[in-house]
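Have a look at the structure below before the remarks.
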Amino acid sequence: MILLIGAVMMVVGSGANLFMQTWAPWVFAMGVIAFVLMQLKQRYEGSNIVVRRLRRMVIMSDMLLLLSALLMFANMGNLFGLDALTYIKYVHNNWVVVLLVAAMLQLYTSHRISKELGIRDEELGMRN
């Protein structure tokens, strides 16, 4: 339940940031923290090398989600004390790119882990 609430908070926070809401980075960051903590709580104790590699990719994606939250805060102002050109080149709206990479990794790993563990679509409640 916390994982789902965190995911919804990330969507609300990133959507509200488009409308320049000052509370958006806070909601996004709280959602990322909830989402990441719940994913890190999940364990895989098996010996399948592929699933272990995919778990490492999930953890890397979680770190990218945390980085995107930090960059969203930095996007609100010159948080790092950089000159204007350097700020625009390296920080301004780059949280979107980091978030996109993290989301793609999450999508890929969730499908691959379910296939590797043999979870069928019917068990997940999906219909063909």
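So how do 56, 112, 43 rank on accessible area, 1.4 Å probe, biggest first, that is with the largest at the start?
Working: 56 150, 112 70, 43 180 Å².
Putting 56, 112, 43 in descending order of accessible area: 43, 56, 112.
Under a crude label model (7 Å from the Cα following the beta-carbon direction), how far is residue 20 from residue 53 in nanometres?
Distance between the two pseudo-spin positions: 4.7 nm.
Using heavy-atom solvent-accessible surface (probe 1.4 Å) with all chains present, what is the largest-first order of 47, 110, 61, 14? Present the calculation step by step, with values, prior to reporting the outcome.
Details: 47 105, 110 65, 61 0, 14 30 Å².
Heavy-atom accessible area, descending, gives 47, 110, 14, 61.
Sorted by accessible area with a 1.4 angstrom probe, largest first, how do 44, 108 fall?
Working: 44 60, 108 95 Å².
These residues rank, largest area first, as 108, 44.
Sorting check: for 21-32, 64-75, which peptide has the highest mean count of neighbouring beta carbons within 10 Å, and how do the rest follow? The partial results should precede the final answer.
Working: 21-32: 18.6, 64-75: 20.2.
By packing density, highest mean first, the sequence is 64-75, 21-32.
The values are calculated or read from the model by the stated rules, or taken from the named source; none is laboratory data. Everything numeric in this text was worked out from a predicted model, so none of it was measured. When we count neighbours, we look across all protein chains shown, and the Cβ atoms used for this are built from the backbone with ideal geometry, even at glycine. Please note that ligands, DNA and RNA were not included when accessible areas were found on the heavy atoms of the full protein model with its side chains. Shrake-Rupley method; radii C 1.70, N 1.55, O 1.52, S 1.80 Å.
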